Amino acid sequence: MSARILVVDDEPQIGRLLKTSLSARGYEVAVASDGQAALDMAASWRPDLMLLDLGLPTVDGLEVCRQVRTWSEVPIIVLTVRDAEQDKVAALDLGADDYLTKPFGTDELLARIRVALRHAARLSVTDEPVRHFDDLTIDLARRLVLVRGQEVHLTPREYDLLRVLVLQAGKVLTHRMLLRTVWGGSYEQDVPTLRVFVTQLRRKIEADPAHPAHILTEPGIGYRFHISG
Amino acid sequence: MDSFRRWGLAQRYGMSVISVALTTLLLIQLPSLHQANIALLYLLVVLISATMIGLGPAMLASVLAFLGFNYFFVVPLHAFTVAESQDVVRLLTFLVVAVIVSSLAGRVRDQADSARRSAAELTTLYGLSQTISAAVTIDRILHVVAQTTAHLLNVPVCAVLLYDDGGRLAERARSGDPSPEPSRQVDAFLRIGPRVLGVLRVTQRALDDPLTQAEQKNLEMIASQVVLALERARLAEEANQARTLAEAERIKGGLLSSVSHDLRTPLAVIKGAVTDLLDDSVAWDAAARYDLLHAINDQSDHLNRLVGNLLEMSRIEAGAQPPARSAQDIGELVANVLNRMSPRLATHPITTDIPADLPAVQINYTQIDQVLTNLIENAAKYTPADTPIAIKAELEHNMIRVEVRDQGPGIPAGLSTRIFEKFVRVTSPERHADGMGLGLAICKGMIDMHHGRIWAENLPDGGARFIFTLPLHAPANRSALRTAERQTQLERI
């Protein structure tokens with residue numbers, strides 16, 4: 001069965017283009033042109049993924065994101081023309097999985113869609129304790145991390161950070177979200193600490209810490225654990 | 001009792017002399033009073049003068065009473081000599097008691113006086129500081145300061161002078177008129193740190209009547225209050241400027257995000273469609289290819305229109321030379337515009353009402369074409385499908401009046417003037433793919449160049465109309481005049 005994608009955008013040209021592009025790749029596509037319609041269709045049509053524009057009539061894109069997250073874990077990729085980082089961060093904090101800034105190439109969009117769908121599929125089989133990512137293996141049951149077969153020693157904080165990233169592999173995690181989950185609510189603003197720990201973690205698990213292959217930086221926003229699309 | 005206070009010094013001393021003299025006369029008339037009683041009566045007089053007239057006169061009264069007592073009532077009578085040693089003790093005791101009593105009572109009185117005076121000063125100063133802290137203009141504050149100071153220090157003239165932006169000292173408020181007679185002035189500087197903001201200047205009551213120390217102190221105190229008021233006014237002014245600046249920043253930010261949204265949306269479609277077509281893994285059928293290419297074509301045109309509008313707007317803002325004009329037929333222009341726009345107007349029935357005998361008008365064809373296009377485009381964009389749009393032109397005095405009327409929702413209250421400003425849209429920036437809120441601003445700029453007028457109004461039975469007027473003969477602009485002059489000169493040669 002092909003995946004269902006709900007496109008939410010008030011610009012009719014963009015809606016039409018995305019429908020053409022995604023249908024051609026075998027996805028089933030529906031378009032909603034305002035926030036209320038998006039919420040209705042998310043509930044009735046049950047898409048496997050949502051492409052959500054942030055500036056929408058009736059109900060704002062951020063609000064759509066928040067409301068959908070109250071009852072569904074459907075992957076949400078935010079589309080925006082805004083450069084303002086805080087809009088993307090707000091959407092990601094509200095539970096969006098990824099973002100794309102317009103204008104974007106179709107190849108880029110398709111790659112993000114594949115990652116989000118894979119991530120969602122993985123979520124439904126979460127009981128798999130051992131995860132493999134190229135040269136990196138993580139045994140969540142035994143708190144073991146192996147790089148090219150060699151066990152690597154991580155501090156408890158480093159392990160927690162890696163675990164959070166791996167459990168949501170493919171998804172963009174904001175600074176605030178990582179700090180809250182790993183360090184607790186009162187550390188939400190302490191981005192420098194997070195940077196230090198990410199650097200240490202990369203030194204231990206990346207083959208080339210200067211060009212990381214696993215923990216990717218999303219400039220100004222947060223980090224993403226890479227899974228090939 | 002208060003009446004004594006206003007007396008001069010001589011009057012007060014005179015009073016104390018008179019009261020001792022009267023007492024002596026009275027005592028001489030009374031037969032055979034005991035010396036002790038006489039002394040007590042004298043003491044009473046001394047006490048009364050001390051409490052009522054003041055310390056100095058009471059001292060004088062003490063000495064006079066001592067002398068009177070000695071002269072008239074101590075043996076030997078009518079001589080200042082004393083016979084018995086007991087009387088010496090009695091007289092000296094009397095003198096000491098009288099002096100002590102008068103000094104004590106006098107001091108109490110002086111203290112009461114000064115307390116009353118400072119209470120009055122405090123009330124005045126309190127009134128002043130209340131005026132200063134109330135949110136009133138700086139000019140009003142300075143006016144009150146001048147008045148209060150003159151009243152408090154009992155001086156004829158008080159002026160407040162401040163340094164203006166050019167560094168000159170200028171009078172900002174004054175109480176009382178300067179007299180032509182020579183006078184002496186006392187300045188209190190209005191200082192904040194090392195900076196002097198101005199001067200609080202009072203004129204002395206007379207050349208030889210300088211301010212007392214207490215008055216000097218009051219003057220300094222008022223000056224410091226004025227400095228506070230000036231500082232407060234300056235801070236308020238700065239806060240106000242910061243607010244205005246922040247508001248301007250916010251608007252600018254809003255504009256940038258709206259322009260960025262408008263320009264990037266067509267780009268997003270173009271880039272998406274092109275990358276689709278470039279993708280070898282998909283075998284596009286003819287219909288899909290056509291769709292994608294059509295989208296690219298459409299959005300390129302749209303982008304071109306947006307960029308054109310932006311350029312046009314900056315041209316108008318830069319005050320570019322009004323382009324050449326020629327006699328044009330409005331009916332023909334309307335027909336041309338409608339013809340060109342027909343694909344976009346398919347959903348709106350159009351009616352025109354233009355008299356065939358309308359005189360030609362001096363215009364720049366391209367600009368008025370653009371104005372009409374923008375107005376019709378707006379009418380089509382902001383009204384529901386299938387509602388009619390009516391275009392009417394008529395002669396009015398020596399103007400051509402053109403009207404575009406729709407039957408849409410009308411212009412929201414309060415916006416009918418603002419819609420001609422740049423970047424102002426009836427809907428919020430995120431809602432519409434079309435336009436940047438520049439269309440009407442461009443119309444206004446172009447009509448202004450033609451010395452015409454453009455405005456919008458709602459119709460009583462729903463819908464809105466946009467009207468512009470064009471003078472039949474445009475007032476010659478300066479460069480045209482110069483050319484004409486040159487021609488006349490050439491003809492003369």
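The values are calculated or read from the model by the stated rules, or taken from the named source; none is laboratory data. Predicted, not measured: the structure shown is a model, and the values here were computed from it. With ideal geometry, Cβ positions are generated from the backbone for all residues, glycine too; neighbour counts draw on all protein chains shown. For accessibility, only protein heavy atoms count, side chains too; no ligands or nucleic acids. Shrake-Rupley method; radii C 1.70, N 1.55, O 1.52, S 1.80 Å.
Things to note:
- Test: residue in the stretch A:119-135 that is open to solvent by 10 Å² or more (accessible area, probe 1.4 Å), assigned to a loop (DSSP other than H, G, I, E, B) and in contact (Cβ under 8 Å) with a residue 60 or more places away in the chain: yes
- Subset of the stretch B:236-260 [modelled with pLDDT of 85 or more and closer than 28 Å to B:Ser129 by Cβ]: B:Glu238, B:Ala239, B:Asn240, B:Gln241, B:Ala242, B:Arg243
- Subset of the stretch B:256-269 (residues that are within 7 Å of chain A (Cβ to nearest Cβ), open to solvent by 30 Å² or more (accessible area, probe 1.4 Å) and touching a residue at least 24 places away in the same chain (Cβ under 8 Å)): B:Ser257, B:Leu267
- Scanning the stretch A:54-90 for residues that are within 14 Å of another protein chain (Cβ to nearest Cβ) and among the hydroxyl-bearing types (Ser, Thr, Tyr) turns up A:Thr58, A:Thr80.
- For B:Arg425, the criteria (1) on the phi < 0 side of the Ramachandran plot; (2) at pLDDT 80 or above hold in every case but one, which is (2).
- Filter pass, B:Thr352 being among the hydroxyl-bearing types (Ser, Thr, Tyr) and in a helix (DSSP H, G or I): no
- Residues located in the stretch B:164-186, provided they are exposed (fewer than 14 other Cβ atoms within 10 Å of the Cβ) and among the acidic types (Asp, Glu): B:Asp164, B:Asp165, B:Asp177, B:Glu181
- Some residue of the stretch A:145-155 being surrounded by 13 or more Cβ atoms within 10 Å (Cβ to Cβ) and free of Cβ contacts under 8 Å to residues at least 24 places away in the same chain: yes
- Residue count, the stretch A:179-195 (criterion: over 21 Å from A:Pro129 (Cα atoms) and either open to solvent by less than 10 Å² (accessible area, probe 1.4 Å) or in a helix (DSSP H, G or I) (or both)): 10
- No other residue among A:Asp93, A:Asp10, A:Asp98 is under 20 Å from B:Lys271 (Cβ atoms), charged (D, E, K, R) and away from every other protein chain (no Cβ under 14 Å) apart from A:Asp98.
- Evaluation of B:Leu358 against (1) open to solvent by less than 40 Å² (accessible area, probe 1.4 Å); (2) assigned to a helix (DSSP H, G or I); (3) at pLDDT 85 or above (one fails), failing number: (2)
- Cross-chain or 6+ apart pairs with Cβ under 7 Å, the stretch B:275-299 first and within 9 Å of another protein chain (Cβ to nearest Cβ) and open to solvent by less than 30 Å² (accessible area, probe 1.4 Å), then aromatic (Phe, Trp, Tyr) and part of a helix (DSSP H, G or I): none
- Taken over the stretch B:371-424, residues that are polar (S, T, N, Q) and outside any helix (DSSP H, G or I) amount to 6.
- Of all the criteria given as (1) at pLDDT below 85; (2) surrounded by 11 or more Cβ atoms within 10 Å (Cβ to Cβ), the one not satisfied by B:Ala318 is (2).
- Condition met for B:Thr383 (open to solvent by less than 20 Å² (accessible area, probe 1.4 Å) and either on the phi < 0 side of the Ramachandran plot or modelled with pLDDT of 90 or more (or both)): yes
- No other residue among B:Gly166, B:Gly127, B:Gly193 is within 18 Å of B:Ala223 (Cβ to Cβ) and without any contact (Cβ under 8 Å) to a residue 12 or more places away in the chain apart from B:Gly193.
- Inside the stretch A:34-47, residues that are within 11 Å of another protein chain (Cβ to nearest Cβ) and open to solvent by 60 Å² or more (accessible area, probe 1.4 Å) make up a count of 0.
- Output for the stretch A:101-115, where each listed residue is more than 9 Å from chain B (Cβ to nearest Cβ) and either open to solvent by 30 Å² or more (accessible area, probe 1.4 Å) or not in a helix (DSSP H, G or I) (or both): A:Ala111, A:Arg112, A:Arg114
- Taken over the stretch A:196-229, the criterion of being open to solvent by less than 30 Å² (accessible area, probe 1.4 Å) and outside any helix (DSSP H, G or I) is satisfied by A:Glu206, A:His214, A:Ile215, A:Glu218, A:Ile221, A:Gly222, A:Tyr223, A:Arg224, A:Phe225, A:Ile227.
- When residues of the stretch A:13-33 are limited to those that are open to solvent by 40 Å² or more (accessible area, probe 1.4 Å) and part of a strand (DSSP E or B), the one farthest from the other protein chains (Cβ to nearest Cβ): A:Glu28
- Only one of the listed residues (B:Val63, B:Val96, B:Val82, B:Val75) is modelled with pLDDT under 85 and either open to solvent by less than 60 Å² (accessible area, probe 1.4 Å) or in a helix (DSSP H, G or I) (or both). That residue is B:Val82.
- Matching residues, the stretch B:5-50, being at pLDDT below 80, surrounded by 15 or more Cβ atoms within 10 Å (Cβ to Cβ) and under 28 Å from B:Ser114 (Cα atoms): B:Trp7
- Scanning the stretch A:73-100 for residues that are in a loop (DSSP other than H, G, I, E, B), under 16 Å from A:Gln168 (Cβ atoms) and open to solvent by less than 30 Å² (accessible area, probe 1.4 Å) yields A:Val74, A:Pro75, A:Gly95, A:Ala96, A:Asp97.
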